[in-house]
Each structure stands twice: as C-alpha cells, then as structure tokens.
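The values are calculated or read from the model by the stated rules, or taken from the named source; none is laboratory data. Just so you know, these numbers come straight off a predicted model, no measurement behind them. No Cβ is skipped: glycine too gets one built from the backbone with ideal geometry, and neighbour counts run over all protein chains shown. These accessible areas exclude ligands, DNA and RNA; they are computed on the full protein's heavy atoms, side chains included. Shrake-Rupley method; radii C 1.70, N 1.55, O 1.52, S 1.80 Å.
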Amino acid sequence: MARRNFAKPDELAPGLNYIGGEWLPDQDGVLIESRNPANTREIVGRFPRSRGSEVDRAVMAGKEAFKSWRLVPAPQRGVILRKCADVLRARKEEMARLMTREMGKPLVEARGDVQEAIDCADLYSGEGRRLFGDTTHSELPNKFAMSIRTPVGVCGLITPWNFPVAIPSWKIFPAILCGNTVVLKPAEDTPACAAAFVKALEYGGVPPGVVNLVQGVGEEAGACLVAHPEISLISFTGSSAIGSHIAEVCGKNLRRCSLEMGGKNAQIVMDDADLDLALEGALWGAFGTAGQRCTATSRLILHKKIKHVFVQRLVRAAKALRLGDPSDEGNQIGPVVNAAQMERIEGYIKIGRDEGARLLCGGKRAKGMGLEHGFFFEPTVFDQVTPGMRISQEEIFGPVASVIEIASFEEAVEVLNGVKYGLSSSIYTRDVNRAFHAIRDLEAGITYVNGPTIGAEVHLPFGGVKNTGNGHREAGRAVLDIFSEWKSVYVDYSGKLQKAQIDVES
Ligand code: UN1
C-alpha cells in the first residue's frame with residue numbers, strides 16, 4: 001500500500017499528526033490555532049485538535065513498532081540518536097526562530113532550548129553503549145547472576161510549552177534509547193515546536209511508529225492518552241493539579257507515572273555574598289523566560305544587612321530590562337505565553353497588594369511601542385513579603401519576584417523550605433561551611449551555590465521533592481529508571497537443582 005503522507009517534504013513544522021511514520025490530518029478536521037504571543041495577529045500555524053480516535057491510532061502504531069524497536073541493539077538505537085543530534089544542530093537556528101515566534105522566549109534563550117535537546121541526544125546516544133546493569137556473584141556455585149534493563153512499552157509523554165523542544169527531548173531520547181516507543185502530546189500553545197522537533201527526528205532516521213505525535217488539548221487528547229489501556233507509562237511535566245489527577249488515573253490502572261510539576265524556587269543572598277553576582281543571578285533567575293520556568297526564582301530571601309541596597313539595585317536593573325519583540329536580539333524579555341497566563345499573573349499582583357506586600361516596580365501589562373498586540377508584562381518586584389503570604393507560597397509562573405527579609409542563615413533555610421514545592425534552590429555566600437550546610441538542608445531536588453535557580457544541565461538528575469514530583473528524576477542516568485524495567489537473570493550451569501537460601505546458610 002502506498003504510504004499516505006500529507007506533509008510537504010521540506011516543511012519545518014507540518015500542521016498534522018505524525019502516526020506510524022505518516023503525517024496525517026485529524027479525522028474530525030477540527031483545528032487549534034497557534035499564535036505569536038508577541039503579536040497575536042500573527043498565526044504561526046494550525047494543528048489538529050485530536051480526539052480519542054487519533055490517540056488510539058498513535059498508541060497502536062507505537063505498540064506495533066515496539067515489537068521490532070525493542071530488538072534493535074541499544075548501541076544502534078544510540079546511533080540514530082546521534083543522527084538526530086546532527087539534524088537538530090543543522091536546524092537549530094530555524095527551530096529557535098520558530099520557538100521564539102510561537103511561545104515568545106527571546107531568541108538567545110530559544111537557541112538554548114534547542115541546544116538542550118542536542119545535549120540530550122548526545123548524552124543518550126552515548127548511553128546506548130552503556131545502559132549498564134550489574135553482574136554479580138551468585139550465592140551458589142556454577143551459577144551466574146546479572147541484572148539488565150528492559151523496555152517498558154509504549155510511553156505517553158505530555159509536555160509543557162515553556163521548554164517546547166528541550167522537555168520533549170529529555171523524555172523522548174531516553175525513552176526510545178531504552179527500547180520504548182512513544183506518543184507525544186505536546187502543549188496546545190506550542191504545537192509547531194513539537195512538530196518541528198518530531199520532523200527532525202523523522203529526518204534523523206527514527207523508524208516509523210517509534211515516535212508518534214498527537215496534537216490537541218489536555219482535556220481531550222491528553223486525557224485519552226493517560227487513560228489508554230495500552231499505555232505502559234505516563235511521563236508528565238506541568239502543574240501539580242493536573243499531575244495529581246494523572247497520578248490518580250495511573251494509580252487506578254496500575255501504570256507507572258513520572259510527574260514533574262510546580263516550583264516556588266528561592267534564592268538566598270547572605271550578608272557575605274558577592275552582591276554583583278547575586279544581583280545578576282536574581283535578574284536572570286526571576287525574569288529570564290519572563291519567569292515562566294519551573295525553576296524560575298520567585299522568592300528572593302535576603303539578609304537584612306544587604307537587603308536595602310540589594311533591592312534598590314534590583315529595582316533599578318529590573319526597570320532597565322528591555323521588553324519587546326523577542327525575535328529582536330536587542331530585547332531581553334519577551335511576552336508571557338497567552339491571555340490566561342497574563343490574567344493569572346495580574347490576579348497574583350492583586351493578591352500580593354491585598355495581602356500587604358509593597359509593589360516596587362512593574363505589576364502591570366506593558367503597553368506602547370508596539371507591545372499592545374502581545375502579552376507583555378513588566379518585570380515586577382514585591383517587597384515586604386512575609387513567608388505566609390500567597391505570593392510567597394503559590395507558583396505564579398511570570399516575571400514576579402517576592403522579597404523576604406531574614407536575619408540569619410537558619411531563618412533563610414526555614415523560609416526557603418517553608419513551601420509545598422521543592423524543585424530548585426540557590427544560595428549566594430562566600431562562606432564554604434554555610435554553603436555545605438545549605439546543600440545538606442535545603443529541601444529541593446537542585447541546589448545552586450553562587451548561581452541562580454535556573455541552569456540545569458542534562459547529564460544530572462532533574463526533578464524535585466515534595467509536591468514538585470512523585471519521586472522520579474528526569475535527565476542524567478536517573479531517567480533510565482523511569483523508562484526501563486529491571487530484569488534479574490540467573491543462569492545455573494551446575495546441571496543440578498540448586499536452592500537459594502536453603503542450600504547455603506550464613
Ligand atoms: C523548566 O524550568 O521548566 O534549568 C525547565 C533550566 C533549564 C530547564 C528548565 N535547563 O532552567
């Protein structure tokens with residue numbers, strides 16, 4: 001049968017699903033529209049708003065491809081990942097430009113996002129020649145023992161819009177390297193980025209059915225994927241509310257599920273810190289990606305001896321940040337992703353004011369100079385924030401930093417830990433003893449010393465404690481435990497029945 005393929009060969013991001021190696025429209029023909037958040041008059045593309053039938057086809061395509069993909073030697077799977085890395089390198093600039101248009105992060109950050117995917121492909125490509133298990137001695141003579149990693153099956157991957165290439169990459173690459181096949185349901189705000197990424201993987205030689213893409217919205221395609229009986233696991237990055245719902249469904253169906261959720265990350269600045277460095281870190285951590293990172297710095301915990309001067313400088317620098325079209329390299333802060341996000345941030349500004357926090361700068365939508373057609377929000381600093389306030393406790397996901405004053409290191413640790421999340425944390429100090437106390441005592445999956453809360457590298461575990469996650473880690477070698485099952489193997493070459501625990505005693 002001739003292969004149907006509705007995508008144009010040279011198209012960067014086809015407005016189609018990718019199922020079983022074919023680019024296909026949704027059967028219903030209902031579309032979602034992707035618009036540029038810096039200028040909502042510009043349509044980036046139209047993509048299928050898929051329903052259960054498309055999800056089902058994608059899962060079944062994944063199931064079919066799993067039969068042969070699981071048998072491809074891991075080093076060879078790694079070679080395909082290396083080719084994917086090459087394609088991504090070649091397409092880095094055009095993918096970054098598409099990302100900037102679709103979700104609004106400045107071009108320099110968008111390049112970093114694609115670079116993170118390249119790093120991931122490089123890392124897991126090499127992992128194809130490692131994927132180590134243990135070999136060990138049996139307690140019985142003439143018997144061999146080892147543990148090996150085996151794939152899990154078809155993996156459902158649900159990813160957010162804030163790292164629209166990096167996050168799919170750090171799920172897809174380790175998943176397929178381990179021999180699984182996947183169905184990706186990307187965020188409805190960034191369908192073009194997902195399509196461009198999957199297209200690059202197709203070009204890199206990932207066989208049909210190994211990576212499937214179903215565009216759509218969470219309540220429809222996402223929900224169908226989570227509940228699908230042929231899915232072996234769900235890996236989700238997004239809000240704690242949705243993650244908790246996914247965990248319920250997966251729990252009921254006895255499916256593995258790995259969740260990467262909210263954060264309320266803080267940067268501590270002690271009185272002995274290098275203030276120039278700490279200030280630079282705070283600006284990047286709080287306002288980079290317009291604060292829309294799970295790892296963004298949303299609380300600044302400042303020692304009272306330096307607080308006044310630090311806040312003065314922070315406000316001056318925040319006001320000087322250049323807001324505007326993120327594809328113009330002169331601008332540092334782009335728009336937030338959509339109207340709902342804008343309203344959410346505005347809601348928190350009101351909450352902060354009502355709670356008695358003092359607004360030092362920002363706090364409103366940016367207007368004028370061509371910004372009126374985008375979702376631009378001014379970098380915002382709240383002072384006189386206390387640990388119990390909602391703006392101290394809840395994830396805002398926007399360019400809003402809350403300043404909390406503390407009088408000692410112990411108090412700083414208590415404040416930093418006093419939230420329900422635990423993703424990233426940071427301390428600026430020149431005291432090495434204090435730094436190590438922080439490493440030990442901060443309740444977070446990531447701790448930076450003299451660096452901001454953002455900047456995770458792909459070869460280390462990524463994830464958090466408390467309500468941020470459910471005990472898993474992505475990236476690094478840790479992610480392999482999500483995407484593989486351990487099998488213990490015993491080979492008895494004694495030629496007789498040997499009984500563990502019975503033939504030998506200690
Ligand atoms: C996220 O915040 O959603 O450490 C992911 C960082 C990036 C990844 C962030 N490398 O900020």
Practice problem: Would you mind computing, in nm to one decimal, how far apart the modelled labels at Gln312 and Arg41 are, each placed 7 Å from Cα along Cα→Cβ? | Solution: 4.4 nm
Practice problem: Measure nothing fancy, just the Cα-based angle from helix 166-177's long axis to the longest principal axis of the chain, in degrees from 0 to 90, nearest 10. | Solution: 10 degrees
Self-check item: Spacing of the two label points (7 Å from each Cα toward its C-beta) at Arg322 and Glu219, in nm
Solution: 4.1 nm
Quiz item: Taking a temperature of 20 °C and a viscosity of 1.002 mPa s, what whole-number D in µm²/s does Stokes-Einstein yield for the chain with Rh from Kirkwood over alpha carbon pairs?
Solution: 90 µm²/s
Practice problem: Enter the angle in degrees (range 0 to 90, nearest 10) between the Cα long axis of helix 275-287 and the first principal axis of the Cα atoms of the chain, meaning the one along which they spread out most. | Solution: 70 degrees
Quiz item: Taking the convex hull of the alpha carbon atoms in segment 265-449, what volume per residue do you get, in Å³?
Solution: 106 Å³
Quiz item: Using 1/(1 + (r/R0)^6) with R0 = 30 angstrom and r between the beta carbons of Arg344 and Ile439, what's the FRET efficiency to the nearest 0.05?
Solution: 0.35
Practice problem: Give, in nm to one decimal, the length gained when the segment between Arg82 and Glu414 is fully stretched (0.36 nm per residue of separation minus the Cα-Cα distance). | Solution: 115.1 nm
Practice problem: List the aspartates and glutamates whose Cα lies under 18 Å from the Cα of Lys304, skipping any in the same chain that are fewer than 8 positions away. | Solution: Asp271, Asp272, Asp274, Asp276, Asp383, Glu405, Glu410, Glu411, Glu414, Asp431
Quiz prompt | Accessible area of Phe132 in the full protein assembly, 1.4 Å probe (Å², nearest 10) | solution = 130 Å²
Quiz prompt | Selection from Ile306, Ala296, Gly281 lying farthest towards where the dipole of segment 275-321 points positive, charges on Cβ | solution = Ile306
Quiz prompt | Solitary cysteines of the chain, where the nearest other Cys Cβ is not under 4.7 Å | solution = Cys84, Cys120, Cys155, Cys178, Cys193, Cys224, Cys294, Cys361
Exercise. Treating only the Cβ atoms of Lys and Arg (+1) and Asp and Glu (-1) as charged, compute the dipole magnitude of the chain about its Cα centre; round to the nearest 20 debye.
Key: 520 debye
Quiz item: What's the local net charge at Arg365, with K and R +1, D and E -1, over the other residues with C-beta under 14 Å away?
Solution: 0
Quiz item: Against the longest alpha carbon principal axis of the chain, how many degrees, from 0 to 90 and to the nearest 10, is the axis of helix 304-320 turned?
Solution: 80 degrees
Self-check item: Long-range amide H partners of Asp492 with built H, under 5 Å
Solution: Phe144
Self-check item: Those residues of segment 204-230 whose amide nitrogen sits under 11 Å from the label point placed on Lys252, 7 Å along Cα→Cβ
Solution: 227
Quiz item: How far is the Cα center of segment 118-143 from the Cα center of segment 430-458, in Å?
Solution: 30 Å
Quiz item: So what J values fall out for segment 10-27 if you push phi through Karplus, 6.51 cos²θ - 1.76 cosθ + 1.60 with θ = phi - 60°, rounded to Hz, Gly and Pro as x?
Solution: 9, 6, 6, 9, x, x, 9, 7, 10, 10, x, x, 10, 8, 10, x, 6, 4
Practice problem: Whenever you get a sec, line up Thr40, Thr295 from highest to lowest accessible area (probe 1.4 Å, protein heavy atoms). | Solution: Thr40, Thr295
Quiz prompt | Selected from Gly209, Gln498, Ala241, residue furthest toward positive end of dipole (the chain; charges at beta carbon) | solution = Gly209
Quiz item: Antiparallel DSSP bridges in the chain: what percent, to the nearest 5?
Solution: 45 percent
Quiz item: Hey, rough spin-label estimate for Arg477 and Glu329, points 7 angstrom out along Cα→Cβ, what's it come to in nanometres?
Solution: 4.0 nm
Quiz item: Shape of segment 1-129 from its Cα gyration tensor (a ≥ b ≥ c, root eigenvalues): rounded if a/c is under 1.5, otherwise prolate when a/b > b/c, or oblate?
Solution: oblate
Quiz item: Of the heavy-atom accessible surface of segment 341-468 (probe 1.4 angstrom), what whole percent is carbon and sulfur?
Solution: 50 percent
Exercise. Any of Lys264/Lys307; Lys83/Lys185; Lys92/Lys420; Lys105/Lys199; Lys8/Lys83 with alpha carbons more than 25 Å apart? Name them for me.
Key: Lys92/Lys420
Quiz item: What does the charge add up to near Gly133, with Lys and Arg as +1, Asp and Glu as -1, over the other residues with Cβ less than 11 Å from its Cβ?
Solution: +2
Exercise. Please find the FRET efficiency linking Arg130 to Ser506, where r is the Cβ-Cβ separation and R0 is fixed at 25 Å, and quote it to the nearest 0.05.
Key: 0.15
Quiz prompt | segment 405-506: GluC sites (Glu not before Pro) falling in loop per DSSP and having at most 11 other Cβ within 10 Å | solution = Glu457, Glu505
Quiz item: How much accessible surface does Glu355 have with a 1.4 Å probe, in Å² rounded to 10?
Solution: 60 Å²
Exercise. Mind checking the full-extension length gain between Asp354 and Asp271? Use 0.36 nm per residue of separation minus the Cα-Cα distance, one decimal, nm.
Key: 26.9 nm
Quiz item: Which shape class applies to segment 68-143: rounded if a/c is under 1.5, otherwise prolate when a/b exceeds b/c and oblate if not, where a ≥ b ≥ c are the square roots of the Cα gyration tensor eigenvalues?
Solution: prolate
Practice problem: Grab the beta carbon distance between Leu12 and Leu140, set R0 = 51 Å, and tell me the FRET efficiency rounded to 0.05. | Solution: 0.30
Quiz item: Mind ordering 121-127, 63-69, 496-502 by average Cβ neighbours within 10 Å, highest first?
Solution: 121-127, 63-69, 496-502
Self-check item: Area of Thr447 that stays accessible when all protein chains are in place (1.4 Å probe, Å², to 10)
Solution: 50 Å²
